1. Considering only the range 1-59, state which residues are β-branched (V, I, T) and part of a helix (DSSP H, G or I).
2. Under 6 Å between Cβ atoms, which residue pairs at least 6 apart in sequence (or on different chains) link something in the range 6-26 that is without any contact (Cβ under 8 Å) to a residue 60 or more places away in the chain with a partner that is surrounded by 10 or more Cβ atoms within 10 Å (Cβ to Cβ)?
3. Kindly indicate whether Y69 is at pLDDT 90 or above, surrounded by 10 or more Cβ atoms within 10 Å (Cβ to Cβ) and of a type in the set (S, T, Y).
Amino acid sequence: MSTSQPVDVYELRAAEQRRQLHGSVVDLKDAIRQKLDVKANAREYMVPAAGVLALFGLALGFSLAGVFYVGSRDRRERRAYPDWLGAE
């Protein structure tokens, strides 16, 4: 003799599992929205990003200034010392 449960019990279990699954999906969507929220991430990482960009700008400025300074120094040296180029 088999002990079978009525169909209603299976329907109730399935309905409960669907509710749990729906709740899990809603929780996952909320977690993803929070992780990908641009305003919250920008607020959280503003100071480190600004620091990195400031250092990058400083390095770029010094490198460009160095290129122009070295170039102008070379021209001044060539005018002051004509035999520097090997011309006598």
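The values are calculated or read from the model by the stated rules, or taken from the named source; none is laboratory data. Because the structure is predicted, anything quoted here is derived from the model rather than measured. Virtual Cβ from ideal backbone geometry, glycine too; neighbours counted across all protein chains shown.
1. If the condition is that a residue be β-branched (V, I, T) and part of a helix (DSSP H, G or I), then V7, V9, V25, V26, I32, V38, V47, V52 are the ones that fit.
2. none
3. no
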